[in-house]
1. For the stretch 123-134, state whether one or more residues are of a type in the set (Val, Ile, Thr) and surrounded by 14 or more Cβ atoms within 10 Å (Cβ to Cβ).
2. I'm told residue 153 meets every condition in (1) assigned to a helix (DSSP H, G or I); (2) exposed (fewer than 10 other Cβ atoms within 10 Å of the Cβ) except one. Can you identify the failing condition by its number?
3. Which residues, counting only those in the stretch 35-89, are exposed (fewer than 11 other Cβ atoms within 10 Å of the Cβ) and of a type in the set (S, T, N, Q)?
4. Sort out which residues of the stretch 103-126 are on the phi > 0 side of the Ramachandran plot and outside any strand (DSSP E or B), and write them in order of number.
5. For the stretch 38-90, which positions are closer than 30 Å to residue 121 by Cβ and among the polar types (S, T, N, Q)?
6. So residue 93 fits all but one of (1) farther than 20 Å from residue 42 by Cβ; (2) acidic (Asp, Glu); (3) in contact with a Phe, Trp or Tyr (Cβ under 7 Å, 6 or more places away or on another chain); what number is the exception?
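Read-outs throughout are calculated quantities, based only on the coordinates presented, and are distinct from any laboratory measurement. These numbers come from a predicted model, not from an experiment. Every residue, glycine as well, gets a Cβ built from its backbone with ideal geometry; the counts of neighbours run over all protein chains shown.
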Amino acid sequence: MNKILISAVAVMFFLFPCISFADSGIVIYPVKSEMATEPNWDFKLGEIPYLYVKLPEAPEGYWTSRVESDWYLGSSLKAEDSSYGLKQTYWIDLSGTYDWSDPSNAGKWTIDADWYYFRIGSSQVLDSGEGSTWFNIAGSPTSVPEPISTILFVAGGSVLGARRLIKRRHLS
């Protein structure tokens, strides 16, 4: 029985490695736009990544929530964001922080997020937790000439070379 349970958990981690269901029930993953709920881990240069964060069930009574996130490119901290409100679901974007068409932003980004529920009107923490996810910004592809362009270039060079060779033989 234990082997089956371990196998099932291992399969879940292989199939869903990027959605964080931290110990406290947070759901966090990247999406393509505000209000999107479909996970997306691969972005092209120029696309703006958003972070979808769904907090666990809210505590009883009057509360407010806050999500603090740290954005890393590789191991370098690149941005921080703090969002708060009377809600359980957040879409956090970096549209104003980076030029996402800049190739220097290509690579694997990691997002760590801490969340809190506070008693409204005070700093009393009712519940808190953390989660993390990642996304990738693809770099610009290297340009490869079309095969026909290469063929035309070689053919044109050959014609010019042959013409020059024929012209030399007639002059001699």
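1. Initial filter on the stretch 123-134 (of a type in the set (Val, Ile, Thr)): 125, 133.
Checking which are surrounded by 14 or more Cβ atoms within 10 Å (Cβ to Cβ) leaves us with 133.
Checking the stretch 123-134: at least one residue is of a type in the set (Val, Ile, Thr) and surrounded by 14 or more Cβ atoms within 10 Å (Cβ to Cβ).
2. (2)
3. Once the filter is applied, which keeps residues that are exposed (fewer than 11 other Cβ atoms within 10 Å of the Cβ) and of a type in the set (S, T, N, Q), the stretch 35-89 yields 75, 76, 82.
4. Listed by number, the list holds a single entry, 121.
5. Answer for the stretch 38-90, where residues must be closer than 30 Å to residue 121 by Cβ and among the polar types (S, T, N, Q): 64, 65, 69, 82, 83, 88, 89.
6. Residue 93 satisfies all of (1) farther than 20 Å from residue 42 by Cβ; (2) acidic (Asp, Glu); (3) in contact with a Phe, Trp or Tyr (Cβ under 7 Å, 6 or more places away or on another chain) except (1).
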